[in-house]
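Inspection log for the structure reproduced underneath, given as structure tokens.
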Amino acid sequence: MEPIIRVEHLYKTFQAKNGQVEAIKDINFEIQKGDIFGIIGLSGAGKSTLVRCLNLLERPSGGAVYVNGSNLTELPEKELRRTRQKIGMIFQHFNLLMQRNVLDNVCFPMEIAGIKKSVARKRALELLETVGLREKAKAYPAQLSGGQKQRVAIARVLAGNPEILLCDEATSALDPQTTKSILGLLKEINEKYHITIVVITHEMAVVQEICSHVAVLDHGVLAETGTVEELFRSPQTEIARQLVFSGSAHITHMKSDRMVRVVFDGNSAFEPMIGNIILECKTPVNILYANTQTVHGNAEGEMILQLPEDTETAEKIIRYFREKGLSVEEVRDYVE
């Protein structure tokens, strides 16, 4: 199946006082239709530059962006404008028209498209119903909370009937509870309208809550990409580990004669594995590090365990984990 978005060898270079700066370098990934795809990285990783290249708000310095099989970088200007109409975008700071009320804000893109006023108003009210703000139709942006403003911005984008929705740090100005409600709304929109959503964020909790697939950016380079479960279960790069385990307690340095890393694969993390081992082997197991996250209702994570000195008992513990279908690997020193 042809992906709805395909990025090939994408580069973006800016001219700075001290010479050229490569914001993104040789980026390659695909997004399937109907996915909620996360692009995550620390500040300065190149996330916003990348998302603006996806609809050519920033023209790439090299490479190609394909949307529904068409290379946007090669389209004539008129055709590019037509394609862009199917790519909506919401931002961190909402960008509402302060002198217009909520209903008129949602009507605005339909006015530009030449849609009859009565038809536009009817559609706008339907969309305000979708985002839970129909009763605020006559209110002005200054009278709304941050979460309500973002809901209006989402309704306004939906007025253009987009196939793709780009969200550039759309929840980073909101408190955690409001963020959760906006992410829930985006998930509903994805399911109801089958819109492909690309979420740009520096918060792993956002990816964890809503995304099916994720790309990790590090200083303009694509560090790794895959499903969200894969990222939480077994991050392959240092930057991914830093993002996944941020905010968790870490052992800075430790040594042991025998240590293992046990990776939980979803359901198993809720079973009392360590308690069962202690009962079965009649020996203590030292938990040196542990981190689990709930991803799509399943537990994902890892533990670093110090095994007993007795070789036979240590091997028995390793066998126990493997019989439960868990990934077990021996580690010498574990440093985070």
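Values in this text are rule-based calculations from the coordinates and carry no lab data. Here the structure is a predicted model, which is why all the values come from computation and not from measurement. Cβ coordinates were reconstructed from backbone atoms using ideal geometry, including for glycine residues, and neighbour counts include every protein chain displayed.
A simple charge model with +1 on the Cβ of Lys and Arg, -1 on the Cβ of Asp and Glu and nothing else charged puts the dipole of the chain at about 2060 debye relative to its Cα centre. Go ahead and estimate [θ] at 222 nm for the chain from helices alone: -39,500 (n - 2.57) per DSSP H run with n ≥ 4, summed, over the residue count, rounded to 500. It lands at -10000 deg cm²/dmol.
Counting other beta carbons within 10 Å of each Cβ, put Lys149, Lys180 in order, fewest first.
Numbers: Lys149 22, Lys180 17.
Ordered from fewest to most neighbouring Cβ atoms within 10 Å, Lys149, Lys180 come out as Lys180, Lys149.
Largest GNM mean-square fluctuation among Ile39, Ile317, Ile195, using the chain with Cα springs under 10 Å: Ile317.
When you count, for each residue, the other Cβ atoms within 10 Å and take the mean per peptide, how do 125-138, 160-173 rank with the highest first?
Details: 125-138: 16.9, 160-173: 20.6.
Per-residue Cβ counts within 10 Å, averaged per peptide and sorted highest first, yield 160-173, 125-138.
Nearest-5 percent of antiparallel DSSP beta bridges in the chain? Kindly include the intermediate steps, with their values, before the conclusion.
Values: 45 of 64 bridges.
Roughly 70 percent of the DSSP beta bridges within the chain come out antiparallel.
Specify which residue in the list Gly226, Gly44, Ser145 is farthest towards the positive end of the charge dipole of the chain, using unit charges on the beta carbon of Lys, Arg (+1) and Asp, Glu (-1), about the Cα centre. Final value for the positive-end residue is Ser145. Which shape class, rounded, prolate or oblate, goes with the range 14-85 when its Cα gyration tensor gives a ≥ b ≥ c as root eigenvalues, a/c under 1.5 marks rounded, and past that a/b bigger than b/c marks prolate? Judged from the Cα gyration tensor, the range 14-85 comes out oblate (a/c at least 1.5, b/c at or above a/b). Hydrodynamic analysis of the chain uses the Kirkwood radius over alpha carbon pairs. Inserted into Stokes-Einstein at 20 °C and 1.002 mPa s, it gives a translational diffusion coefficient of 96 µm²/s.
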